[in-house]
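Take a look at the structure set out below.
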Amino acid sequence: MERKVEGIMDRAKFLPSPLSNVEFLVRDISTNPDWESTYKTTVPVVVVMNDAVEMPVSVLPRTTADKLEREIISTMNRAVALDSDRI
């Protein structure tokens, strides 16, 4: 999954995309008890973070990179909408 996300992010550097200015971060869930308790049964996890909003991306481990990209963008849009509703 990590390689798929890296590939998506690399592609976004060269092709205009909603992901062009997104930061990619790999977390080791064993370093944080909260992450481990939240995600231990659902690894791998892709999470979209927007300020205080953190939303997991709904994705299966064997999904294609294109589908994963669409799901990340969709989740980003939901996170932005949720964050703007709080204002």
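Read-outs: derived from the displayed coordinates by stated rules, not from any lab. Every value quoted in this text rests on a predicted model; they were computed, and no experiment measured them. Glycine also receives a Cβ, built like all others from the backbone with ideal geometry; neighbour counts cover every protein chain displayed.
In this simple spin-label approximation, residue 62 and residue 22 carry label points 7 Å from Cα along the Cα→Cβ vector, and these lie 2.4 nm apart.
At full extension, residue 11 and residue 32 could sit 4.5 nm farther apart than now, given 0.36 nm per residue minus the alpha carbon distance.
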